[in-house]
Structures are given as C-alpha cells and as structure tokens.
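The values are calculated or read from the model by the stated rules, or taken from the named source; none is laboratory data. It should be emphasised that the depicted structure is a prediction, and the values quoted were computed from it without experimental measurement. Here Cβ is always computed from backbone atoms with ideal geometry, including for glycine, and neighbour counts include all displayed protein chains. For accessibility, only protein heavy atoms count, side chains too; no ligands or nucleic acids. Shrake-Rupley method; radii C 1.70, N 1.55, O 1.52, S 1.80 Å.
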Amino acid sequence: AAMVQKYQSPVRVYKHPFELIMAAYERRFPTCPLIPMFVASDTVNEYRSEDGAIHVIERRCKLDIDAPRLLKKIAGVDYVYFVQKNSLNRRERTLHIEAYNETFSNRVIINEHCSYTVHPDNEDWTCFEQSASLDIKSFFGFESTVEKIAMKQYTSNIKKGKEIIEYYLKQLEEEGITFVPRWTPPVACKSESSTSHPRRPVSPAINIPESATKEGLSTKEILNTSSSPSEPTAGTPDDKLDADYIKRYLGDLTPMQESCLIRLRQWLQETHKGKIPKDEHILRFLRARDFNIDKAREILCQSLTWRKQHQVDYILDTWNPPQVLQDYYAGGWHHHDKDGRPLYVLRLGQMDTKGLVRALGEEALLRYVLSINEEGLRRCEENTKVFGRPISSWTCLVDLEGLNMRHLWRPGVKALLRIIEVVEANYPETLGRLLILRAPRVFPVLWTLVSPFIDDNTRKKFLIYAGNDYQGPGGLLDYIDKEIIPDFLGGECMCEVPEGGLVPKSLYRTAEELENEDIKLWTETIYQSASVFKGAPHEVLIQIVDASSVITWDFDVCKGDIVFNIFHSKRAPQPPKKDTLGAHSITSPGGNNVQLIDKVWQLGRDYSMVESPLICKEGESVQGSHVTRWPGFYILQWKFHSMPACATTNLPRVDDVLASLQVSSHKCKVMYYTEVIGSEDFRGSMTSLESSHSGFSQLSAATTSSSQSHSSSMISR
C-alpha cells in the first residue's frame, strides 16, 4: 500500500478583518466559476444557534476531477463527491472547515482541515491555514497514478485559494462593501444575559495589545530581526511560518515544498533539544534530498549531532586560525556576484597545500574550511536582507594559475577529499556556482581524484575555463561585475586575499608531533621503497589496456641522485628470475630492486623512451603524469645518476675508482607511489589534458615536457 501523503500549509495572512473575509468566502457557494471542477454543492445539514453566533453547515460537493478517461471508466464514475462541514463561530471569529471524500471512501481516504482565524497580533487581519492527508489503500492497481492525480489537483487548488478570496473581496469592493460589522449578542432581558455573560471572556483574539505588527511586519519578521543567531527565540512552537515570510526570505516554493519545510521544522521543534537550525538551512537539506522529508530528516539529524560534537556553532566566535593559515591560505571573501551571492576567491594554484598539511595536519585545515562555510551562511543571511530577496548559496572562484603536481601530493589530496566529504554532508546546497579559472594541464588528474566525492547536484554547478578563456564570451563577466574582478585576473579591484606561497620547511611539524595527533602519514601505507645501485636501476611495470589512460607518479629521493625515465614496449618483459644473483634482482632490507628491461633489448627497437629523462637530486619530491598514447607495457625506471668522467682525459679519476670500490655510496633510495587513472574517470576532460593549448599556463620552471607525449612532471624542493 502507498504511504500516507500529508500536507501542511504556511499561514496565509489577509490584511482584512475576519467578517469581510467571511463575506468573500460565502460567495464560493453553491458553485464558483473560478474552480471549474467544482460543479455543484447541496446543503445536507444546517444549524444556527439562537443568538446567531454559531452557524454550522454541511454540504455535499460534486467535483469533476481532471483524470484520464480510461481511469474514470475503470473506476466507473464521472464525478467525485466530497462532504464539507463548515463551523462558523462569529463570537470567537473563527471558521473551521472539515472535508472528506464520500466516493471510494473504502479505497481512498482524504481528509482536509482548514481554518480562518483572527491574526494574533492584529485583530483586523485574518489568518488562513490548511492541512490534509491522502491515504490510498487500493485502486484497481492504479494507486500511484491516482496519487499523482490527487496531488496535482490538490496543489493547483491550494494556489487558487488565495486568488478566489481576493477575487470576491474585489467584487465586494466594487459593490461598495468594504466593511462588515462584527457579531454582537442580541439585546435581551436580564435573566438571559446574566447566563450568557460569563462566556464572553473566552475570546482570545480581542484583548491583545497593539504591537509593532500594525506597521505591516509579520510576527515572523519581528522574531527574525531581533533574534541573534544564538537565541533560540525564533524557534518557539507557536511561531508558524507565514506565506509572505517564505516568499521574502526563502523563495518561491511549491505548496508541497512549503509543506515539507513546515512539517520538518515542526518535527524538529517537538523532538530536538537545543537550538534548531534556521529555516533557510533546514530548506537546504530538503533541497539536497529533492524534498524527500525522511531522507532530509536523516541527513539533517546527522549534521546536528556533528555540529554539537565539534562545537561548530561557536567556531566563528571562539576559534582563532593559526598564523600559518592566515599567512599562507590563499583564500578569502570578496564582494558578491551578479546574483547577490557572497563571492569566495581561492587562489589554489598559489597555495602550498603540501606545506600546509605538513605544517598543520588535517584537523586545523578542516576547522579553517568549516569556519569559512559558517561565515558563508552568515553572509547569505546578510545579503538576503540587503538585496531584499532570498540568497541561500555562495559563489566560489578558484584560480588554478600555478597549479602543479605538488598539489597532487597524496596526503594533501586525501585531506582535501575528507574536507569535501564533511562540507558536502553538513553544508548541502550552499555552493551556487563554482568558477574554475586558468585550469592547467595537470587539472584533470586532480579533478579525477576529487570528482567522485562530489555530489551530482553540486557538480552541475561547475564551470571550468582553461588558460585565458575566462576573459572571452561566456566568461567571468557573465557572473561577476567588472568593477570587482580581482587585480590578479586582470581586473581593477584590489583583492585582499593572501598571496599564498611556499610554507617554509622550518614550520613543518616533526613526525613525532604528527604521531601525537594520531594522523599517520600516508607514506607508511601506500608508498613503496626501492634501492637503486650503479648498474642496477629499479623498474616498475605498468600494463595499459586502454590507450588513453594517465599514469601518475609521486616519489621522494631519499638518498643520492637519480635519473627518472619512462619507457614503452609492445611486448612484456620477462619477469626477473629470483634465483640468479648478481645485478638482475637484489632484494635488500633497504627496499626492493628489480630490473625488467632485458639486457639484449635495444632502445628504439624493443622499447622506446616516451619522456625525456629527468634528473632528480637528493631530498627532492617529484610528481608527474603521462597520458598514454598506446596500449602495451610502460616501464618506470629510477637509475643511478653518475657524474660524467673527467672531460679532459676520459680516464677515470682516482676518487671515482675509489668510490666504485665502496658500494654503499652507489646506493640511492627512493620512496614511490604510482597509479593509473582510466579515461572513463575523466568525465570528458581528457581532451583538455591532451591539448598543448597555448592558453594553458606553463606549469612551473621545473616542468619537463616532451613534444612526442603529453606529460608534466614537477619537482618541489
């Protein structure tokens, strides 16, 4: 059986007295031209109290539901009958309406409650609220169709409700009726009035003191403007959302979306101890789950627990970012975009992510990003007030000028992924647009690693520009006013965002300090160590099946100087034989050493070099990538870098001879990690990696690139 569908409306405020609204409402019967499906209504029962204060009327309404003819045929009906019972209390100035279906009442149960009451803060205004439930037990196998039809009909009627009242108010006005006197008790002999008198003070609506609401503000707005973020006053249970407030602060929502918000909010008020989130934040969680109230409730509750555990509510007031962050984190808020969204600028290419992780660890970086998000929420609220329309997300501009393989340092990427995960879970629907500028050739590698962690909804908001494309049509000017384009992007606006730059190694924390923080560096798990000897390089085999893959590498030269090469071969090298000792394969405590390239192979015949050799000095860390052009076998090679012999004599020098006797000085040590990324992970950005597009910025002075292949390697010292 289908689930029970529920609906709860916001409060709709009419700035007219109750009696006038009633006069307008009565004109809907017996039929109403504005509701074509409302064909007829007959009075079934009626009751009036002697004093005329109470009037109860029960009508049977005939509806012509807009449903497929086939369905009507199967159901065997042309019209659907509803029973509507209206109870008007002129003394209390309330009208309660209850309706339920008579047709198919054993298969489908529809219940609706509506009420017109006096506004609690202004006795000359009237509030309207409605709620309903739909429960389809069975319908000839067409349950979901019936549910859709019912929901569609119902929501379209909700929208009409207001128009109908306004239409009849206007009609009354044209007839000269702008005032309907209130009910007064009939004057009668003393004995009667003394019995009826004690019932007078029941009316709660009349003796409320005049308040600021007369000025035309809704209660909600008064509560909202006065309450600072830490005050829970805005969440008092009797505080209901009214339709005007929703439109002004939260945007145009469909009736069902409004209903979800109201119900989720009500549930939080009833069950959640402590501060409940602001309406716009509850709405973000609903949007993130396409207004599925149960799914939204689940992620919202997880987030509230998380906020409490990590004291996130107090982060802006109590947490001071370490100086290293203030100096080297190249990001900051910068005015707003054309839609009024707060704008955050991040010069990722200028930022030493590796240095920041080494100096701070993941935790401090995460806390900093959280404080940025908290500030974003605050700015959205502010901009909503300033621009007079709902603004619930921010725009992020990421400049990748200077991005290089150092940004792909694995622990750094891992920290980034964790940060993305936390932000996705706790700040859903906050990113309105992400502009990625000056994407260089290594960008797709980073994108590949990161994009699987990003929600699909979020990913649709990414715009990526290579080189200087952002200056062309469809570029930055479409989203950001010319006056505030930052200076570093060729604009005229001074941008206060820190420049970034390399974090000095002196600020790095020692392994012990990191240990204490319980953050094990990835090196211990995913990097392998290798020894390289003179005449015995270390080689790693990578088999490529799909021609357009990307091989990425990341290694540290721990000892000695080496030459790094990458070769391609169509045929598989023979696996090294373990039994033959000698230069072929040495496994030592200091790491493994494997040769794959057969001694009889000739370069250019059996295998080819696909990158120019890269000389790497002791203490350097190197990251790089290579787009493979052919399937087959790729061999990464780390080779001993021998100094050239004495140029004048070509005879070996004495120290060379001596050195060659001491094997230890011929041993280099490398810690390496390599990975193959398939083209299917690139989501179409593979081509941008392939093109040696002149617009791409040169990665770095230390980048080596060869014409026959598309690769980039970066050395960080």
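Laid out as a table, the results:
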quantity	calculated
Checklist (1) within 30 Å of LYS160 (Cα to Cα); (2) β-branched (Val, Ile, Thr); (3) without any contact (Cβ under 8 Å) to a residue 24 or more places away in the chain applied to THR305, failing item	(1)
Residue among SER156, SER138, SER133, SER144 that is part of a strand (DSSP E or B) and surrounded by fewer than 17 Cβ atoms within 10 Å (Cβ to Cβ)	SER133
Counted residues, segment 488-506 - those being more than 22 Å from GLY467 (Cα to Cα) and open to solvent by 70 Å² or more (accessible area, probe 1.4 Å)	4
Close pairs (7 angstrom Cβ cut-off, 6 or more residues apart or separate chains): without any contact (Cβ under 8 Å) to a residue 40 or more places away in the chain in segment 382-395, open to solvent by less than 40 Å² (accessible area, probe 1.4 Å) and among the basic types (Lys, Arg) anywhere	none
Count of residues meeting criterion [in contact (Cβ under 8 Å) with a residue 40 or more places away in the chain and outside any helix (DSSP H, G or I)] in segment 423-463	14
Output for segment 384-401, where each listed residue is assigned to a loop (DSSP other than H, G, I, E, B) and open to solvent by less than 20 Å² (accessible area, probe 1.4 Å)	ILE391, SER393, LEU400
Residue in segment 360-383 that is open to solvent by 40 Å² or more (accessible area, probe 1.4 Å), in the same structural domain as CYS495 (by the TED database) and among the hydrophobic types (A, V, I, L, M, F, W, C) present	no
Criterion violated by LYS295 - all others in (1) touching a residue at least 24 places away in the same chain (Cβ under 8 Å); (2) farther than 22 Å from GLY376 by Cβ satisfied	(1)
Given (1) modelled with pLDDT of 90 or more; (2) hydroxyl-bearing (Ser, Thr, Tyr); (3) under 20 Å from ILE158 (Cα atoms), index of the condition THR31 fails	(1)
Residue in segment 464-477 that is part of a strand (DSSP E or B) and under 22 Å from the mean Cα position of the chain (by Cα) present	yes
Members of segment 293-326 that are touching a helix residue (DSSP H, G or I) at 6+ places or on another chain (Cβ under 7 Å) and closer than 25 Å to THR353 by Cα	VAL312, ILE315, LEU316, TRP319, PRO321, PRO322, VAL324, LEU325
Among the candidates ILE164, ILE222, ILE208, residue that is modelled with pLDDT under 50, under 22 Å from SER115 (Cα atoms) and of a type outside the set (Gly, Ala, Ser)	ILE208
